[in-house]
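The values are calculated or read from the model by the stated rules, or taken from the named source; none is laboratory data. Predicted, not measured: the structure shown is a model, and the values here were computed from it. No Cβ is skipped: glycine too gets one built from the backbone with ideal geometry, and neighbour counts run over all protein chains shown. To get the accessible areas, we keep the full protein, side chains included, count just its heavy atoms, and leave off ligands, DNA and RNA. Shrake-Rupley method; radii C 1.70, N 1.55, O 1.52, S 1.80 Å.
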Amino acid sequence: MNTVPSSTFFSAPPDWGWLIVFYFFFGGLAGGCYFLAVLIDFFGRDEDRPLARLGYYISFPCILISGLLLTLDLQRPLRFWHMLIESNTYRPIFKYWSPMSVGSWALLLFGIFALLSFLGALVEDNRLAWPAGRKIRPPTMLGRMIGLIGGIFGFYVAGYTGVLLAVTNRPIWSDTPLLGMLFVVSAASISAALMILLAQRSRWTMPGLVALHRIDTWVVALEFLVLIGVMISLGPVFRAWLNAWGLLLFFGVIVVGMLIPLALYWRREWLGDRNVTTAATLVLVGGFILRLLIVFSAQGV
């Protein structure tokens, strides 16, 4: 019995390349690291504050890189500002029905909150002489408000790319309702992994690192389950995805990025002191391959 192909097979691809792959990757790190840093600030202990600051140190540069990559992909940088400012009246323009418009404003506003938290972290580390900067760090009321609102924007930015793909009417991207969830969970896993890697090299003592490592274990497991859900929800389209990209999906994403890290998390004696860093590195590699796979696979079918 022949299966009728999805209508998304008859739409034109957006011609996205490596810039968008890296944009998705750094955007996920920016939103994920900020959100984790806020959670540590709000619910962690005082001795966990260096770990929260590390999250802010990662988030702001990553959102800058992400925005730069997006602008470069547009080829004409003014196109980005045209999504924010009306070219004729120079007034702000916001189209709530447009994912591109909402996403552009979310990136801009999140960047502002990421900058504030970045500066506050520098002040708390005595790397920036700005006494007023201590007021924008929790536990002050202003610091909590910045963290709360910034965390919401960070969560949105982490999953926004998946939502954006879902409205493009391309095979795979718009054939599953779980792509946004997959990007959110993946952003959390790669962000925790990068924070673990950098914390291992830090001069600060970070007791919360053990808890973050434990959280990343469960997040990677959840990511694996969500990915299975994505595969099932694709229906007949999954067969086309598997035929063209099955080896990279299985070995690059599932085995390297999920199953081996989970095995290393739960069998800590395998590599000794290198268990944690190896697992975190593989999670990052798998997260990047996942984005590469999603971006290129839907444009080649």
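For region 247-273: of the residues being of a type outside the set (Val, Ile, Thr), out of contact with any helix residue (DSSP H, G or I) (no Cβ under 7 Å at 6 or more places or on another chain) and modelled with pLDDT of 85 or more, which is farthest from Leu209 (Cα to Cα)?
Here the residue is Leu247.
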Filter pass, Ile136 being open to solvent by 50 Å² or more (accessible area, probe 1.4 Å) and either in contact with a Lys or Arg (Cβ under 9 Å, 6 or more places away or on another chain) or of a type in the set (A, V, I, L, M, F, W, C) (or both) = no
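Yes or no, residue by residue, for (1) assigned to a helix (DSSP H, G or I); (2) open to solvent by less than 90 Å² (accessible area, probe 1.4 Å); (3) of a type in the set (A, V, I, L, M, F, W, C); (4) under 20 Å from Gly44 (Cβ atoms):
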| site | (1), (2), (3), (4) |
| --- | --- |
| Leu197 | yes, yes, yes, yes |
| Leu225 | yes, no, yes, no |
| Ile254 | yes, yes, yes, no |
| Arg274 | yes, no, no, no |
The listed residue being in contact (Cβ under 8 Å) with a residue 40 or more places away in the chain, open to solvent by 20 Å² or more (accessible area, probe 1.4 Å) and under 20 Å from Arg134 (Cα atoms), out of Leu115, Leu72 = Leu115
Arg144: touching a strand residue (DSSP E or B) at 6+ places or on another chain (Cβ under 9 Å), of a type in the set (Lys, Arg) and surrounded by fewer than 19 Cβ atoms within 10 Å (Cβ to Cβ), yes or no?
-> no
The residue from Glu124, Glu86 that alone is in contact with a strand residue (DSSP E or B) (Cβ under 9 Å, 6 or more places away or on another chain) and open to solvent by 30 Å² or more (accessible area, probe 1.4 Å) is Glu86
Selected residue (only one of Thr281, Thr205 is in contact with a helix residue (DSSP H, G or I) (Cβ under 9 Å, 6 or more places away or on another chain), open to solvent by 40 Å² or more (accessible area, probe 1.4 Å) and modelled with pLDDT under 85) = Thr205
Out of the residues in region 285-299 that are in contact (Cβ under 8 Å) with a residue 60 or more places away in the chain, among the hydrophobic types (A, V, I, L, M, F, W, C) and assigned to a helix (DSSP H, G or I), which is surrounded by the most Cβ atoms within 10 Å (Cβ to Cβ)?
-> Leu290
So which residues in region 160-187 are in contact (Cβ under 8 Å) with a residue 40 or more places away in the chain, open to solvent by less than 30 Å² (accessible area, probe 1.4 Å) and in a helix (DSSP H, G or I), if there are any at all?
-> Tyr160, Thr161, Leu164, Leu165, Leu179, Leu182, Phe183, Val185, Ser186, Ala187
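What's the total number of residues in region 134-175 that are more than 16 Å from Asp41 (Cα to Cα) and modelled with pLDDT of 85 or more?
The first filter runs over region 134-175 and keeps only residues more than 16 Å from Asp41 (Cα to Cα), leaving 153, 156-175.
Narrowing further to those that are modelled with pLDDT of 85 or more: 153, 156-160.
Qualifying residue count, region 134-175: 6.
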Options Val276, Val226: the member that is at pLDDT 90 or above and closer than 20 Å to Leu29 by Cα | Val226
